[in-house]
Amino acid sequence: MVWPQFGPGPLPQHGFARVKPWRITNKTTEGDVSVELQLTDDEETLKLWPNKFNLTLTVRLSEDSFTQELKVDNRDEKSFEFTALFHTYFNVDDIKTTKMFVFQQFSFLINRFIYLFT
């Protein structure tokens, strides 16, 4: 997970979320499997980026789908800007037989309104 900065800039390359330990807060192992991970600001992140936050990354895997969802909670009194990137790698047996399909839908939340693109 690349967050709160993609690419070069004032923070370390691709931010700090990808190198920080995340806490497992929920998991499902029956049927469709999922795991919910959380990362919250701490002394180290506040030295790099002076904003209070809570990230929740939910990953779901079913027989025919893979879904990632990132929720960013601003725990600060001031607003902040960020960039995010799912920097996902898959281990496949044969790249020549691997198929990827275009996003069927994409949604995001701004100011408590959900925008859905299909």
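Structure above, values below:
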quantity: Flag if Phe16 is of a type in the set (Phe, Trp, Tyr) and free of Cβ contacts under 8 Å to residues at least 12 places away in the same chain; calculated: no
quantity: Test set (1) surrounded by 15 or more Cβ atoms within 10 Å (Cβ to Cβ); (2) touching a Phe, Trp or Tyr at 6+ places or on another chain (Cβ under 6 Å) - Gln68 fails condition number; calculated: (1)
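Read the figures in this text as sums done on the coordinates, not as results from a lab. Since we're looking at a predicted model, the values are computed, not measured. Note that we place each Cβ from the backbone using ideal geometry, even for glycine, and neighbour counts take in every protein chain shown.
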